[in-house]
Amino acid sequence: MNRILGKTRAEGPGLRTALWVQGCTIRCPGCFNPHLWSNRGGTPRDPGDLARELINLAEINGVEGITLLGGEPFDQALPLAAVAQRVRATGLSIMTFTGYELETLREWSATRSDIKALLASTDLLVDGPYRAGSPDHARPWAGSANQSFHALSQRYETLLDGLEGIPDRLEVHVRADGSIAVNGWADDETLDLLLEDLGRRQR
Ligand code: SF4
């Protein structure tokens, strides 16, 4: 695990808690999170403890679900499926971002119970690698136009019909120690302007 954000409106439908996992073997050129590629640098967590923490945070923050992103959740599908199953059993939804395509994951799931379990515990899947040459400005949350949304349960089926009407969001969190964390999605120009402005203020 790399990071948990207790409350966000920028990483999926509604108010959510987000979990960034550490490690990704896909390594898309232009990825916004290359610091999450290595298997080192994260914090190993017991799935039961992590699920309890996420459920607690969800209750405190009144969120509707948990978003798994990274890093690559399906590179560690077994522990994440255990987390997702426990979280989902409380009524929270699970949204998962993956750089693999759903078709590939379904093929693998014929022989991989871990992949099958994480797919079965996911309500909304965004699949496909990030393609820097085809950024997605029309839909929320997706990084590039090749990526697809899949409702794997009934929970978000109707949401997919109105995706184009949902704006992308970029969130800036100022921590108690003065450090700044940014999450969500914006085009390069907006992001550059924001970071330039933050840098100016810091100086
Ligand atoms: S799958 Fe996601 S985390 Fe991995 S390289 Fe691609 S964009 Fe980055």
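Conditions first: (1) buried (at least 17 other Cβ atoms within 10 Å of the Cβ); (2) polar (S, T, N, Q); (3) part of a loop (DSSP other than H, G, I, E, B). Thr43 passes all but one, so which condition is the exception?
(1)
Considering only the range 5-30, state which residues are within 21 Å of Leu170 (Cβ to Cβ) and open to solvent by 40 Å² or more (accessible area, probe 1.4 Å). Lay out the reasoning, then the answer.
Going residue by residue through the range 5-30, those that are within 21 Å of Leu170 (Cβ to Cβ) are 5-20, 28, 30.
Within the range 5-30, Lys7, Arg9, Gly30 meet the criteria.
Results for (1) more than 14 Å from the chain's Cα centre (by Cα); (2) surrounded by fewer than 21 Cβ atoms within 10 Å (Cβ to Cβ); (3) hydrophobic (A, V, I, L, M, F, W, C), shown as yes or no for each residue.
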{"position": "Asn39", "(1), (2), (3)": "yes, yes, no"}
{"position": "Val83", "(1), (2), (3)": "yes, no, yes"}
{"position": "Ser93", "(1), (2), (3)": "no, no, no"}
{"position": "Phe97", "(1), (2), (3)": "no, no, yes"}
{"position": "Lys116", "(1), (2), (3)": "yes, yes, no"}
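Return a yes/no flag: does the range 74-84 have any residue that is within 19 Å of Leu118 (Cβ to Cβ) and among the charged types (D, E, K, R).
Taking every residue of the range 74-84 in turn, at least one turns out to be within 19 Å of Leu118 (Cβ to Cβ) and among the charged types (D, E, K, R).
Tell me, please, whether a residue that is in contact (Cβ under 8 Å) with a residue 40 or more places away in the chain, surrounded by 18 or more Cβ atoms within 10 Å (Cβ to Cβ) and more than 16 Å from the ligand (Cβ to nearest atom) can be found in the range 172-191.
No, every residue in the range 172-191 fails to be in contact (Cβ under 8 Å) with a residue 40 or more places away in the chain, surrounded by 18 or more Cβ atoms within 10 Å (Cβ to Cβ) and more than 16 Å from the ligand (Cβ to nearest atom).
The values are calculated or read from the model by the stated rules, or taken from the named source; none is laboratory data. These numbers come from a predicted model, not from an experiment. Because the Cβ atoms are built from the backbone with ideal geometry, glycine has one as well, and the counts that use them run over all protein chains shown. Heads up: the accessible areas ignore ligands, DNA and RNA and are worked out on the full protein's heavy atoms, side chains in. Shrake-Rupley method; radii C 1.70, N 1.55, O 1.52, S 1.80 Å.
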